[in-house]
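Student: Below you'll find the structure I mean.
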Amino acid sequence: MARKLKLDLHTHVWEATGMAAATPEIVEQVLRQIKARGLDGIAITDHHNRDYGFAFKAIVEEHFRGQAIILPGWEIERRPAQSYFDEYQVLEIFLDNGNVFRSYCHPGYPSRAIYIEDGIRAIEVENAIHTWHIERARVEAVAREHDLLMLRVSDAHRIQDIGAAYTELDLDELYRRSVPLDEPPAAQGL
């Protein structure tokens, strides 16, 4: 059985650095924070920028191999066809097997409605920035109903906040719950 890893699966590193390009110096600073929090790795999920996570991971692989797990991704908005004004956010974490792991971000913000897409495999039950409006009992019930992983994340927009909350899980669980990247999600309202 694989050991559980400490992963912060919702961070905004590009935004935390003032939208600076990924450099070895920035990577080293983030790696120091990852280690200071006792994490095994992070997902880099900046808003509408999937390229930054891949650039960051490439620097880690070239200059800092084996120091942390870096999972590239992004945070995107969704608007369900049946209720266009009920916007919600989804993280897409791109795995090296060509699949994507999708997680519902900060349920209850900006819309109180919760829409679970067919491809969603996790939901945040704790978000260090948005916890105040997550109705935890309701979200946990949705997670049980849809067999979703329950995540604790930092949603860090500053480097020093990376790891403020994290999830312990086996990395194989992300792969097991991932879906093909080209599989389109379909929203269902709750």
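The values are calculated or read from the model by the stated rules, or taken from the named source; none is laboratory data. Every value quoted in this text rests on a predicted model; they were computed, and no experiment measured them. Counting neighbours? That spans all protein chains shown, and the Cβs are built from the backbone with ideal geometry, glycine included. In case anyone asks, the SASA skips ligands and DNA or RNA and just uses the protein heavy atoms, side chains included. Shrake-Rupley method; radii C 1.70, N 1.55, O 1.52, S 1.80 Å.
Student: For residues in the stretch 41-76 being touching an Asp or Glu at 6+ places or on another chain (Cβ under 9 Å) and among the charged types (D, E, K, R), which is nearest to C105 (Cα to Cα)?
Tutor: By that ranking, first place goes to E75.
Student: Give the residues of the stretch 160-169 that are touching a strand residue (DSSP E or B) at 6+ places or on another chain (Cβ under 9 Å) and over 18 Å from I123 (Cβ atoms), sorted by residue number.
Tutor: Passing the criteria: D161, I162, G163, A164.
Student: Of all residues being surrounded by 20 or more Cβ atoms within 10 Å (Cβ to Cβ), in contact with a helix residue (DSSP H, G or I) (Cβ under 9 Å, 6 or more places away or on another chain) and not small (G, A, S) in the stretch 128-180, which is nearest to G108 (Cα to Cα)? Just the residue, please.
Tutor: Taking the candidates together, the pick is D155.
To keep it simple, each residue is scored yes or no on (1) of a type outside the set (S, T, N, Q); (2) under 23 Å from R121 (Cα atoms); (3) open to solvent by 20 Å² or more (accessible area, probe 1.4 Å); (4) at pLDDT 95 or above.
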{"residue": "K6", "(1), (2), (3), (4)": "yes, yes, yes, yes"}
{"residue": "T17", "(1), (2), (3), (4)": "no, no, yes, yes"}
{"residue": "A20", "(1), (2), (3), (4)": "yes, no, yes, yes"}
{"residue": "H47", "(1), (2), (3), (4)": "yes, yes, yes, yes"}
{"residue": "S83", "(1), (2), (3), (4)": "no, yes, yes, no"}
{"residue": "D86", "(1), (2), (3), (4)": "yes, yes, yes, no"}
{"residue": "E92", "(1), (2), (3), (4)": "yes, yes, no, yes"}
{"residue": "S103", "(1), (2), (3), (4)": "no, yes, no, yes"}
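Student: Given the criterion part of a loop (DSSP other than H, G, I, E, B) and of a type outside the set (A, V, I, L, M), identify the matching residue among E140, E117, E173, E168. Explain how you work it out, then say what you get.
Tutor: Numbers: E140 fails: part of a loop (DSSP other than H, G, I, E, B); E173 fails: part of a loop (DSSP other than H, G, I, E, B); E168 fails: part of a loop (DSSP other than H, G, I, E, B).
Checking each option against the conditions leaves just E117.
Student: Moving on. Considering each residue of the stretch 58-72, count those that are farther than 19 Å from R37 by Cβ and buried (at least 16 other Cβ atoms within 10 Å of the Cβ), and give that number.
Tutor: Filtering the stretch 58-72 down to residues farther than 19 Å from R37 by Cβ leaves 58-59, 61-63, 65, 72.
Filter once more, so that each one left must be buried (at least 16 other Cβ atoms within 10 Å of the Cβ): 59, 72.
Matching residues across the stretch 58-72 total 2.
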